[in-house]
């Protein structure tokens, strides 16, 4: 089959690889119907060292079950499924607590012998725990929105939930990528009173406004902080949802969070150390939270409104490519010509 | 009157200063009945640069109202009061939310022209908002326990509350100082199932066990982390209450917190930057919270059990001095001969 591999920063190729097969009785084999390129795929696209064997790419996909292992009980050939970006057994105490990203037996796509989602098919380990069956056809117009439940919608929701967003909360969202925009949508769903979206790309922030942002701040750094403070009587917002992952975004979060507030990070941090001492977090009693979203925990909660068409998170996709077009898709996202690229293998 | 000043690290003197007087109509004048030396007073005792004018010391005291300003409405001469370690108006939105340490008009003792508590008397600004009247006599045996509501008990409670301790939670407390021990007591009051106290001083950890610790780990660093992990099936505890403030304590907290857990800091951080990236906080979805405790918010909640004798947080005091003995009290706490020194001016 054809699958996407990255060999070094900027070097993405679609190559022939052996077809995946069932290896464990708890595996399922899924034919990928829709996959996509993630903002977090741009981190290796910017800094992956030369990797002679290449690295399989893609951690978001929906598809059709082609085959199941002997111990599988919840799925059968032909089922349409959503694959969360982490696979998990669904039975350990972390899974039962809703923290499937820390599953005792789980893992992530495109590592340890498991392929990536930007491919024709994927072997899914612990498929009973991992995959979510959805009653739709492969040609449903809902597919792009369902695909966001693989990662970006669940990740935006995780940010808002861990941030404690509820009725009356004021929120700043940092970042106008797909996760930031879906953090806006999630904050609105959780009842936020005011949602300030910090982003510079009008076409994206316009979608943010459609998703529920009440204000847009295009400025960054000290100017952006001053603008948010102006909008909030000088105090900043109760919650900041940080959907970027670079240090300037962390510093921006510190600048716009209200005393006693919460910074909830879902942008994968591209730094290790950061200010957490008296002037930054401790003195004003700021809470720092977030992490990789256990999106498996959120699918059941978020799915009904997607199926009913009450929300359309799939609007974050503004370009579609086939597998051959994946390298161009990376380039388009890198150059910010595309917000998020959908892949139809 | 006599008051305690620090002039540089290790140099504490009790000197004559002008008697404080009412300056604002919202002031009260309080004669100090009991004050004490705080673990956080040891930070300047270790590193205060030479300060020619000296710095007034002390932020915990109980006493008797001697005089009130013209706008005071809740207190009168002769009332016995607890003074939280931050003064606050009690009316701004932060105070109403229970974050009096971020009061719009408040501040801290021993700064900006307000004296410290290790003295014969203190001018209390915004006294209606700040002071809590308690129906006891000045010779009550409850005074040491009431004095802990000024800071250390409320601070331990803040740690546990912000950490989300509730029935069934497993907790590690780092630090066997007064705050750590009262974090143990608070975690027990909030229903923690298991409380592992990390501390090396047996007389202190024995008091911790009396307060509710179920396990004591005397080892530090990697050895201490391994011990806590052994005690918790390898996972660490849901909540870590960090009551020290030095970087090794932060690292210890990272080592013993369970995925999805909370590190709640009340030890004043003696560092600015710390690890918060993927391997430390982000990957396992760890929340970092805490800060200066709004102890004013907790007095009403914690007072009844103190007055009823159900808890005796005052047991953290193991030495009593008069004002003349304050310099020796600092030295004794520095040398860890005393856990916490009570001052009777």
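Only the coordinates and a few stated rules stand behind these numbers; no lab work does. None of the values given here were measured: they were computed from a predicted structure. Ideal geometry is used to build each Cβ from the backbone, glycine not excepted, and the neighbour counts take in all protein chains shown.
A compact table of results
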quantity: Descending semi-axes in whole angstrom, ellipsoid equivalent of region A:156-290, from the Cα gyration tensor; calculated: 20, 15, 15
quantity: Whole-Å distance, taken between Cα centres, linking region A:66-118 and region B:276-345; calculated: 47 Å
quantity: Relative packing of A:14-21, B:231-238, B:149-156, which averages over residues the other C-beta atoms within 10 Å, highest first; calculated: B:149-156, B:231-238, A:14-21
quantity: Average beta-carbon neighbours from other chains, 10 Å sphere, peptide B:262-273; calculated: 4
quantity: Residue B:112 versus residue B:42: modelled label distance in nm, points set 7 Å from Cα along the beta carbon direction; calculated: 2.9 nm
quantity: For peptides A:123-136, A:301-314, sequence by mean Cβ density within 10 Å, most packed first; calculated: A:123-136, A:301-314
quantity: Chain A: angle of helix A:152-162 to the longest principal axis, Cα-based, in degrees nearest 10; calculated: 40 degrees
quantity: Over chain B, volume per residue of the alpha carbon convex hull, in Å³; calculated: 126 Å³
quantity: Most mobile of B:176, B:137, B:79 in a GNM of chain B (Cα contacts under 10 Å); calculated: B:137
quantity: Förster-model FRET efficiency, 30 Å R0, residue B:251 and residue A:230, C-beta, rounded to 0.05; calculated: 0.15
quantity: Exposure proxy ranking, count of Cβ atoms within 10 Å, fewest first, for B:225, B:22, B:263; calculated: B:22, B:225, B:263
quantity: Average other protein chain Cβ within 10 Å of Cβ, residues B:52-60; calculated: 0
quantity: From the C-alpha gyration tensor of the protein assembly as shown, square roots of 5λ in Å; calculated: 54, 26, 21
quantity: When region A:32-113 is reduced to its Cα atoms, the Kirkwood hydrodynamic radius in Å; calculated: 14.8 Å
quantity: Percentage relative contact order, region A:235-287, counting C-alpha pairs under 8 Å, at least six apart; calculated: 39 percent
quantity: Inter-site label distance for residue B:11 and residue B:51 at 7 Å from Cα along Cβ, in nm; calculated: 1.2 nm
quantity: Shielding by partners, peptide B:285-296 (average Cβ within 10 angstrom, other chains); calculated: 5
quantity: Relative contact order (%) - chain B, alpha-carbon pairs under 8 angstrom, separation at least six; calculated: 19 percent
quantity: Label point distance in nm, residue A:166-residue A:334, each placed 7 Å from Cα along Cα→Cβ; calculated: 4.5 nm
quantity: Chain B: angle of helix B:295-307 to the longest principal axis, Cα-based, in degrees nearest 10; calculated: 90 degrees
quantity: Cα long-axis angle, helix B:202-211 against chain B (0 to 90 degrees, to the nearest 10); calculated: 90 degrees
quantity: Added length on full extension, which subtracts the Cα-Cα distance from 0.36 nm per residue, residue B:24 to residue B:200; calculated: 58.7 nm
quantity: Relative contact order of region A:156-290, pairs being alpha-carbon contacts under 8 Å that are 6 or more residues apart, as %; calculated: 25 percent
quantity: Helical mean residue ellipticity (222 nm; -39500 (n - 2.57) per DSSP H run of 4+; nearest 500) of chain B; calculated: -8000 deg cm²/dmol
